[in-house]
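No lab work stands behind these numbers, since they all come straight from the coordinates. Please read these numbers as outputs of a predicted model, since none were measured by experiment. Note that each Cβ is placed from the backbone with ideal geometry, even for glycine, and that neighbours are counted across all protein chains shown.
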Amino acid sequence: MAVLPFYSIAQNIVKPPLQSNDTALFRPETGVEQLSVQLYAVTASSADTFVNIDGALAQYNSLYNAVVDWQDAKKFGNINEGLGLLRDGVILSIERRPLITDYDTLFLDLTGTSVKTYQLRLTGSNWPEPSGLLCKLYDNYLNVYTNVNLTTTTTITFSITGNNGSASATRFMVLFAQPPQGGAVPVTFKGIEAALQNSATVIDWQVANEMDVLQYEIESSIDGTQFTQAGAVTATGASNYQWTDQPLTPAAFYRVVSIDNNGNKTYSTIVAINKTTINQSIEFAGNVDNGIALKFTGMPQGTYTAVLLGINGQRLAHKTISFGGGTSNVTVKFDGTQANGVRIVEIINPDKTKSFFKVNM
């Protein structure tokens, strides 16, 4: 008996009303560039035997859109393990996207796992040969990239352990990138890392065969798809480079682009970082003449407001604080008469959240 991949085909996709003779919804597309991602789990009877339990499909064609619409198929929830493609908050079993002209990212949604061994099997179909398209699977938990061959099946074995990070629904994503125009790649990216240091993000990357490289541009993104330039570093012939994203920004994804003297570009892989782990706080640090000292820890750049209130809540004065981001002490001074006695200090953050301190000035 033939075993079909699990795509949860499209009973609940949204599209214009079907005509009585409209059967295209229930027919798979043929001849389009596509990548099948299948989830396998080890069987209880044998550590060497895996069974297919779910999967998802990404298809690429010039007629498809980058947004979630009626061409995509929403995912049905599974009782146990489930694998889908996450886009704009919607989990899909089939995602249809435009042809890749530069880069693209597929965000896998892996749920319902238990402590055991699994496999992801990625199979490409109908990609032109030689396309030159680069494809990698990124494991955010292990921070490991695996090359994906779009002309055959690539198998990645992984384990869910007692560590919560190993079972994260967003552990995996698939990264695509077109090679630069103009022939040989002038530089090889050997690695790229992103780490939080003192409320800033430090990007380190290693290169080899650096020839005729003019500079490296660092690009950042909040969604892993739309990137903008965040900085630049001049090429010096070194094998290691570093750039710091300071002050703290919301960016969660980074990549580096090498630009040679002819304008050709080479892209590194994408690295992700979780900035929600940063300890952000504003604390009262003591009195100063006619004012107070505040300690800002890991706070974003922006305009803050310090409001001086009487003990009964009456507004006495306010001061604007232009903060450059990160961690440092800030002094706020008020009029001498207003700053005498027991007072309440209200701090209004750039996002309009507030904190309060009771001080004896």
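Counting neighbouring beta carbons within 10 Å and listing from fewest to most, the residues THR49, THR105, THR297 come out as THR49, THR297, THR105. Of the trypsin sites (Lys or Arg not before Pro) found in the range 287-361, those in coil by DSSP whose Cβ has at most 10 other Cβ atoms within 10 Å are LYS352. Listed by chain and number, the lysines whose C-alpha is less than 21 Å from the C-alpha of LYS352, apart from same-chain residues fewer than 8 away, are LYS275, LYS295, LYS319.
A Förster radius of 35 Å, combined with the Cβ-Cβ distance separating LEU99 from ALA195, puts the computed FRET efficiency at roughly 0.50.
Report the semi-axes of the equivalent ellipsoid for the range 24-177 in whole Å, largest first, where each axis is √(5λ) for an eigenvalue λ of the Cα gyration tensor. Sorted largest first and rounded, they come to 25, 17, 15 Å.
The Rg/Rh ratio of the range 188-276, with both radii computed over alpha carbons and Rh defined as the Kirkwood radius, is 0.95. Please list, by residue number, every one of the trypsin sites (Lys or Arg not before Pro) in the range 78-136 that is coil in DSSP and has at most 16 other beta-carbon atoms within 10 Å. Passing both the DSSP loop test and the Cβ count: LYS116. In summary, the lysines within cross-link reach of LYS75, defined as a Cα separation below 21 angstrom excluding same-chain residues under 8 places away, comprise LYS15.
What the pair-distance distribution of the range 279-360 shows, using all Cα-Cα distances binned every 10 Å from zero, is 19, 57, 23, 2 percent.
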